[in-house]
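Since the structure comes first, as structure tokens, the remarks are kept for the end.
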Amino acid sequence: MRVELDEPKCVASGQCVMASPEVFDQRDDDGIAFLLEETPVDDLLEGVREAVAICPAAAIRLVQQ
């Protein structure tokens, strides 16, 4: 599975970072999220799925490779 993050859609809420801090982080200057890991191991997918579900901007997708 691969994570896609549409940074221009991000509203810097930080929900993804709280749900999956191993996969997401936020820039210090504007709070916009970025990916730490584009292809997370299976053990991290539950947190990524939560991040997808709770992102207020719908800026995150989990896609099959």
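Here are some notes:
- Subset tally (residues that are among the β-branched types (Val, Ile, Thr), part of a loop (DSSP other than H, G, I, E, B) and surrounded by 13 or more Cβ atoms within 10 Å (Cβ to Cβ)) for segment 15-46: 2
- Options Ile60, Ile54: the member that is under 8 Å from the mean Cα position of the chain (by Cα) and hydrophobic (A, V, I, L, M, F, W, C): Ile60
- Residues in segment 47-57 that are surrounded by 14 or more Cβ atoms within 10 Å (Cβ to Cβ) and either part of a loop (DSSP other than H, G, I, E, B) or in contact (Cβ under 8 Å) with a residue 24 or more places away in the chain (or both): Gly47, Val48, Glu50, Ala51, Cys55, Ala57.
- Index of the failed condition, Ile60 passing every other in (1) without any contact (Cβ under 8 Å) to a residue 24 or more places away in the chain; (2) on the phi < 0 side of the Ramachandran plot: (1)
- Residue match in segment 1-14 (condition: surrounded by 15 or more Cβ atoms within 10 Å (Cβ to Cβ), of a type in the set (Val, Ile, Thr) and part of a loop (DSSP other than H, G, I, E, B)): no
Coordinate-derived values only; no laboratory data. Everything quoted here is computed from the prediction, not taken from an experiment. Glycine also receives a Cβ, built like all others from the backbone with ideal geometry; neighbour counts cover every protein chain displayed.
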